[in-house]
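The block underneath contains the structure these notes are about, expressed in structure tokens.
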Amino acid sequence: MKLEELKFGTELIKRGFASMQKGGVIMDVVNADQARIAEEAGAVAVMALERVPADIRKMGGVARMADPQIIAEIIDAVSIPVMGKVRIGHTVEAQVLEAVGVDMIDESEVLTPADEEYHIEKTKFTVPFVCGARNLGEALRRIDEGAAMIRTKGEAGTGNVVEAVRHMRAIMGEIRQLQGMSAQERMDRARTIEAPAALVDECARMGRLPTVNFSAGGIATPADAALMMQMGADGVFVGSGIFLSRHPERMARAIVEAVNSYDDPAVLARVSRGLGEAMPGIDVHTLREDEVLQYRGR
Amino acid sequence: MGVRIGVLALQGDVSEHILAFRHALDGKGEVCAVRRPEEIADLDGLAIPGGESTTICRLVDKNAMRRPIEAFEGGIFATCAGMVLAAREVDDPRIAPLGCIDIIVERNAFGRQRESFETDVHIAGLRTPFHAVFIRAPVASRVGPKATVLGSVDRGVVAVRSGRHMALAFHPELGGDTRLHCMFLEHLQDTG
């Protein structure tokens, strides 16, 4: 095996990594202790952050990439993949996280955007990216830029699943519509939703997005997680929902089991018992427009 | 009646394995996702897919599947995380392996995701090299007397056969080449 015969960072490797996460729960953590709890509970990966989204919301101001020191400590603490968030369009934050050794980068609306016109050109990186989307057009634009995984945006840090449901329903519904269309109609739809025609055709053919599609933004209970799986998510991100709940270890284990047995109400009933209080929630209708994170990036 | 293959569907790239086996079987058998302990015994072959080995390990126990897999008499097709789980021994106390295949496995032997790679591997029994995708892959650091090495890279052994079982450090289900799935099905016929 000579080095020149090895290929790194290909689309197959990036999307393959995302496929290995399927059926799993990716948990937000802010330090090595939380990361170990997440791994022990059965998380498939952790998202290393300085603050969980609910606390970012409270803090206000400009939210940036976490201190690489925190991320490095989390990388050292666990054997599962470690992800990190960068600001939309912030190519250098992504270069830094790639150098630190994160396994996937989340170009995330939870942080304050660095570029209000363009996202990062993700094909230029060896490390795979996950990006948020609210509808099919947005998902396919991100995939066209090189995202190896999509997560529906929901509304992070609210503990309210309503937006996650809205976005998953939108993407799944739009794909179902495509499947009933003629080639000409699909071409027209591709123009309307501002997505590459080839990717639109691929969705129609496969009956799903060409990449793995997770759900995120507002999942706070095992039932929320199972709901998103029943709607067709390949897995879930849980941000503030675990470590802002009363008993994080119990909540983490329960959500992992709920995602695994999402179609078995008896198991869901068992794992949902006696978890203590979930994170405090926010009615999204009470948010001011500038507080709504999902509008960042398009 | 054709062979019955099950893919352990607790976490990981289950649908990719189902598609690859469906292609390899070419109508001469069936493949299904396996999520309950009572579904294992009737199978001829069980695939343990790629995914996160710590997660799958935990879910194997949560779903009471350890005993049925240990007692399973058919062939096991284990890839990446599956190879970690099917091993006799793992270098990491976070994993309690199932002990199906006589190998000692080192997790994440090549490094992190940025060190994941594609390369051609020579596999004993295949005429041309197999284009293999390694994703945070393990290696077999030691191969016991009951197992045979099928393929290696510089870092160590990446493909092993042991009777009806096969363990692969890479992902044959991702590249569209089903020769290793076919080889596994042939071994099932040989000794089964």
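Just so you know, all these numbers are worked out from the coordinates, no wet-lab data involved. Predicted, not measured: the structure shown is a model, and the values here were computed from it. So basically every Cβ, Gly included, is an ideal-geometry build from the backbone, and we count neighbours across all protein chains shown.
Quick one: longest stretch of chain B between exposed loop trypsin sites (Lys or Arg not before Pro), exposed meaning at most 10 other C-beta atoms within 10 Å and loop per DSSP? So the longest stretch without any such site is B:29-126. The alpha carbon centroids of region B:5-47 and region A:1-77 are separated by 30 Å. As a length-normalised measure over Cα pairs under 8 Å and 6 or more apart, the relative contact order of chain B settles at 19 percent.
Long hydrophobic helices in chain A, taken as whole DSSP H segments with a C-alpha length of 30 Å or more on their own axis and mean Kyte-Doolittle hydropathy at least 0.0, are absent. Between B:R22 and B:T148, the simple spin-label model (points 7 angstrom out along Cα→Cβ) gives 3.2 nm.
Ranking B:S15, B:A140, B:L185 by Cα position along the charge dipole of region B:3-186, where only Lys, Arg, Asp and Glu carry charges on their C-beta atoms, puts B:A140 farthest toward the positive end. Considering the options A:G146, A:A41, A:L111, tell which one lies farthest towards the positive end of the dipole of the protein assembly as shown, charges being +1 on Lys and Arg and -1 on Asp and Glu at the Cβ, about the Cα centre. It is A:A41. For region A:188-298, the alpha-carbon coordinates run over 51, 36, 18 Å along the three principal axes, in decreasing order. Dividing the radius of gyration of the alpha carbons in chain B by their Kirkwood radius gives 0.92 for Rg/Rh. With a 10 Å cut-off between alpha carbons and a GNM built on chain A, which of A:A148, A:A266, A:A252 moves the most? The residue with the greatest mean-square fluctuation here is A:A266. Here the relative contact order of chain A, from alpha carbon pairs under 8 Å that lie six or more residues apart, stands at 19 percent.
Of the trypsin sites (Lys or Arg not before Pro) found in region A:1-95, the ones in coil according to DSSP and having at most 14 other Cβ atoms within 10 Å of their Cβ are A:K2.
What do you get for GluC sites (Glu not before Pro) in region A:192-298 restricted to DSSP loop and a cutoff of at most 13 other Cβ within 10 Å of the site's Cβ?
Sparse-neighbourhood loop GluC sites (Glu not before Pro): A:E194, A:E277.
Can you count the Lys pairs in chain A whose Cα atoms are under 23 Å apart, with each pair 8 or more apart or on different chains? The result is 17. In a DSSP loop and with at most 12 other Cβ atoms within 10 Å, the GluC sites (Glu not before Pro) in region A:76-135 are A:E116, A:E117, A:E121. Counted over chain B, the DSSP beta bridges are approximately 50% antiparallel. Note on chain B: GNM, Cα springs under 10 Å; of B:D92, B:D44, B:D102, the largest mean-square fluctuation is that of B:D92.
Computed over the alpha-carbon pairs of the protein assembly as shown, the distance histogram in 10 Å steps reads 4, 21, 31, 27, 14, 3, 0 percent, short to long. The spread of Cα positions in region A:114-238, taken along each principal axis and listed from longest to shortest, comes to 43, 34, 24 Å.
Overall, region B:66-192 carries a charge dipole of about 220 debye about its Cα centre when +1 sits on the Cβ of Lys and Arg and -1 on the Cβ of Asp and Glu, all other atoms neutral. Extending 7 Å from the Cα toward the beta-carbon at both B:I104 and A:Q184 defines two label points whose distance is 6.9 nm. Dipole size of region A:168-298 about its Cα centre, with +1 on Lys/Arg Cβ and -1 on Asp/Glu Cβ: approximately 140 debye, rounded to the nearest 20.
Look at the stretch B:7-15: the mean tally of other chain Cβ atoms within 10 Å of its residues' Cβ atoms is 5. Estimated from helices alone, the mean residue ellipticity of chain B at 222 nm is -7000 deg cm²/dmol (sum of -39500 (n - 2.57) over DSSP H runs with n ≥ 4, per residue).
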